[in-house]
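Throughout, read-outs are computed from the coordinates displayed, never taken from laboratory work. All values derive from a computational prediction rather than experimental measurement. Quick reminder, even Gly has a Cβ in these numbers, built from the backbone with ideal geometry, and neighbours come from all protein chains shown.
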Amino acid sequence: MAARSRTLLSLAALSLASLCHTALGLTALALGAATLAAHAEYPDRPIRVIVPIAAGSVTDVIIRAMASELAPHLGQQLVIENRGGASGIPGGAACAAATPDGYTICLVYHSTMSINPWIFNKLPYDPDRDFAPVTNLYFLVEAVFVSTAIEANNAAELKALAQAKPTALNFGTLGPGSFPDLFLRWINHEWNVGIVGIPYKGGGPIAQELVAGQIQVAKMGLGNFMGLLATGKIRPIAVAAQRRSPLLPDVPTFAEAGLDYPGFGWWGLTAPKAVPRSVIDRLNAEFTTVLRDPKMIEFMEKQAVQPAPGTPAEFAAFLKKDRRDAESVIKLSIQDREDYKPE
């Protein structure tokens, strides 16, 4: 009898253990299914895109076109929020402070990630600590443009004019430490001149001010200026690219024009640092798909940019290398480090 009782108790214990194991397994499956469902539901509301440059600039035009193409892929609208000026710092700070839930994503560029850390102390963001790389978007094809109101048909004539009138020319920048500002500092050092930098919030305003004659020189992406060439008030004198642009086949490259300036502009996509990896992968997949679409490639090439999508790991490696390269540009420009002071 005792033996029979022990047997029944053992069977009961085994049955209970089996039930517990099954219950735990079902719970784990349920949790896993819930997690997958939560990830599959992303995004379930509109996504904010912080663009650290003024509306109307070529980057703003491109991201708005991409947002239109991405909406069907993501099932949600992308809402553009422009935070221009100050070398991309306000936009970078807003990205760093955003909730890392995938509903704020951020455009970054050479100033945000590579140049500002070498220029400024007390940045309101850390490029390594605060951002999760998603993908590189594209490289800019830039050019130096001058007002046709000045006697400068090429880089050599611009140099001669600047040396004859050291402080008579104004140059459009995106603020201290921005890519245009570094080029200006390099030019002033190399040519021993004093061209004056005037800060704006984007390439669009710079292009308009060049046409209006408020500034005489600018270096920005071609896309900001191509529609204004017909005015006859601006003239391209050199293209910042390894080969001549099909958009301006008669304009020499920097190397051909005798401008030995290193570095090319770029734009990429990041998210706040702690965004889940599943979200990063989804964003990367959708942006990459759109960037590789032949129609989007054709559109972007007309804006004078070269699409460059890749994996998050590839973009992370690129960012590290680009920051090292930026250090050499800053040394060439004799740029002194300063404390960042919000406007």
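Computed quantities for the displayed model
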{"read-out": "Ranked M300, M66, criterion: other C-beta atoms within 10 Å, fewest first", "value": "M300, M66"}
{"read-out": "Distant-in-sequence amide H partners of M220 (H built 1.01 Å from N, under 5 Å)", "value": "A143, F145"}
{"read-out": "For region 142-257, alpha-carbon Rg over 2.2 N^0.38 Å", "value": "0.95"}
{"read-out": "GNM flexibility winner over the chain from V239, V305, V290 (Cα, springs under 10 Å)", "value": "V290"}
{"read-out": "Neighbour-count ranking [beta-carbon atoms within 10 angstrom, fewest first] of S278, S328, S111", "value": "S328, S278, S111"}
{"read-out": "Computed helical MRE - 222 nm, the chain, DSSP H runs ≥ 4 contributing -39500 (n - 2.57), nearest 500", "value": "-14000 deg cm²/dmol"}
{"read-out": "Of A316, A168, A308, the one that fluctuates the most in a GNM where the chain has Cα springs shorter than 10 Å", "value": "A168"}
{"read-out": "Total lysine pairs under 19 Å (Cα atoms) in the chain, excluding pairs fewer than 8 apart on one chain", "value": "9"}
{"read-out": "Cα-centre dipole for the chain with unit charges at Cβ (Lys and Arg positive, Asp and Glu negative), debye to 20", "value": "720"}
{"read-out": "Neighbour-count order for V193, V141, V79, fewest beta carbons within 10 angstrom listed first", "value": "V79, V193, V141"}
{"read-out": "Over region 107-245, relative contact order from alpha-carbon pairs under 8 Å, at least 6 apart, %", "value": "34"}
{"read-out": "Largest-first principal axis extents, alpha carbons of region 203-293, Å", "value": "49, 29, 25"}
{"read-out": "Degrees separating the helix 277-291 axis from the principal Cα axis of the chain, which is the longest one", "value": "50"}
{"read-out": "Highest-MSF residue in the chain out of I89, I105, I47 [GNM, Cα springs under 10 Å]", "value": "I47"}
{"read-out": "Inverse mean reciprocal Cα-Cα distance (Kirkwood Rh) of the chain, Å", "value": "22.2"}
{"read-out": "In order through region 69-74: 3J(HN,Hα) via Karplus (6.51 cos²θ - 1.76 cosθ + 1.60), integer Hz, x for Gly, Pro", "value": "6, 6, 3, x, 5, 8"}
